[in-house]
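Take a look at the structure below.
Laboratory data are not the source of any read-out in this text; all were calculated from the coordinates shown. Just so you know, these numbers come straight off a predicted model, no measurement behind them. FYI the Cβ positions are ideal-geometry reconstructions off the backbone, even for glycines, and counts take in every protein chain you see.
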Amino acid sequence: MSDISRKGGSLVYGRRALVQGTALGLLAASLFRLSSGGESQAADQTIDADYAYQPLFFSHDEWQTLNSFVDRLIPADAEGPGALEAHVPEFIDRQMNTPYGHGGEWYLRPPFIKTSATLGYQLSFTPRDIYKHGLPALNDAVQQRYGKPFHQLDAAERDGVIGQMEKGALSLSPIPAKLLFGQILKNCKEGYFADPIHGGNYQMSAWKMIGFPGARADFTDWVDRYGARYPLPPVSVGGHAVQGGA
């Protein structure tokens, strides 16, 4: 797995590789739309005592599974916040109730054939379908193997399951494990770096970590100051410094 490192028997995405490989691309593409192997805070615990977001799309069990999954994709460390601290699950939940979640941006008409991945997505599942069918299937597979749901696995066990999913070595139905893994990883990275107005990147913590100034309109005073650190804090699309434009 190209962006994954092993430490202490656990399997986690390298924050530096993930930032270098995705951050600038995601930010340049749209303002709208990880680290050590140490265990982060348990995924089914509240990260912020004042954070009480209730999912609109995901069920309670699906929400626990999603939280514990993204917690291992981007765990918190000394370099920056993890996916839970950045409220990535909230971003994903909100996206599921947009045209994107309903597959409005995807071509989903038949015929559906087995072909090369280079020809693009060939299945009929929308992002909502992938999560609604995939997360319960993942929990069922984990329950059969470990005798407990995914969110109750320890960090090393979750990393092992996630690694198998990325390789396509875990059998899930009707959603292929590799498809579910790719969907969660993609949305996790988007939620981590997207403008806070969409629910993730809480308090622009990911932007602060990489020194991205956000949606400031004027940089003319700094375009010729090569190598200089931009001194002003990032600004969201709404011109606010905290999540959701509050």
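Summary table
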| quantity | calculated |
| --- | --- |
| Listed residue pairs exceeding 26 Å between alpha carbons, taken from Lys114/Lys189; Lys186/Lys208; Lys132/Lys189; Lys132/Lys186; Lys132/Lys208; Lys148/Lys208 | Lys114/Lys189; Lys132/Lys208; Lys148/Lys208 |
| Enclosed volume per residue, in Å³, of the convex hull spanned by Cα atoms of the range 70-167 | 145 |
| Computed lengthening from Leu232 to His102, 0.36 nm per intervening residue step minus Cα-Cα distance | 43.0 nm |
| Spin-label model distance (nm) - Arg109 vs Trp222, 7 Å beyond Cα toward Cβ | 4.7 |
| For the range 81-122 versus the range 146-177, the gap between their alpha-carbon centres in whole angstrom | 20 |
| Per-peptide average of other Cβ atoms within 10 Å, ordering 164-177, 125-138 highest first | 125-138, 164-177 |
| Residue order, fewest to most beta carbons within 10 Å, for Lys189, Lys178, Lys148 | Lys148, Lys178, Lys189 |
